[in-house]
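Everything on this sheet refers to the single structure shown next.
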Amino acid sequence: MFIQGELNLKTLQTEIQHNENLLDYLREKDYPLPSPCGGKGVCGKCQVQVLKGEKTLKMPYPGIPGISLNQWNDGWRLACKTLMSEKLEIEIPELWNTEANILISGEYEVTLDPCVNKIYLELAKPSIEDQASDVDRLLRDLGRINVFDLELVKSLPSILPKQ
């Protein structure tokens, strides 16, 4: 395995066990890759580029968060989700091997675009004249909504006022 980056170009000749996890392997060989998600494949911090490894490079694209189809086709993989069944030549980008610098002073403008919005509503209580369901009354007052979470719908009776 050929490793390039801030790790001083080293060639490692190893016996690779069938379906050994690449992240575990690199950590055993003292190549620490960040993995804040604990190897669940959701943070994208353990990206490596596979340069050689026919089986690994021919794997179909599974839709991994943080790696686009184009990056996948260029050999980018998450080490935590890569099982080795052959010798690989990989590149670890320098970016992944440097310490983070946290901005603690100065001005830095951030544009927030949250995926969740808080909306305050006062829904009318159900009555003989208005026998709409809780969901229908909520949708009517919201005006527009694309997705309704099932857990929210289940909890509506306990949240909304009764007669």
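The values are calculated or read from the model by the stated rules, or taken from the named source; none is laboratory data. These numbers were taken from a predicted model, which means no experiment stands behind them. Ideal geometry is used to build each Cβ from the backbone, glycine not excepted, and the neighbour counts take in all protein chains shown. Surface areas here come from the heavy atoms of the whole protein model, side chains and all, with no ligands, DNA or RNA. Shrake-Rupley method; radii C 1.70, N 1.55, O 1.52, S 1.80 Å.
Numerical summary
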quantity	calculated
Protection proxy ranking, peptides 68-79, 127-138, 41-52, 108-119, average beta carbon neighbours within 10 Å, highest first	41-52, 68-79, 127-138, 108-119
Residue-span extension gain [residue 115 to residue 19] - 0.36 nm each, minus C-alpha spacing	30.8 nm
Whichever lysines have a C-alpha closer than 17 Å to that of residue 125, once near sequence neighbours (fewer than 8 apart) are set aside	162
Mean accessible surface per residue for region 22-86, computed with a 1.4 Å probe while every protein chain stays in place, in Å²	54
Contour minus Cα-Cα distance for residue 107 and residue 29 (0.36 nm per residue)	24.0 nm
Cleavage-rule hits, GluC sites (Glu not before Pro), region 13-80, DSSP coil, Cβ neighbours within 10 Å at most 13	15
Contact order relative to length of region 19-74, as percent, for alpha carbon pairs under 8 angstrom and 6 or more apart	25
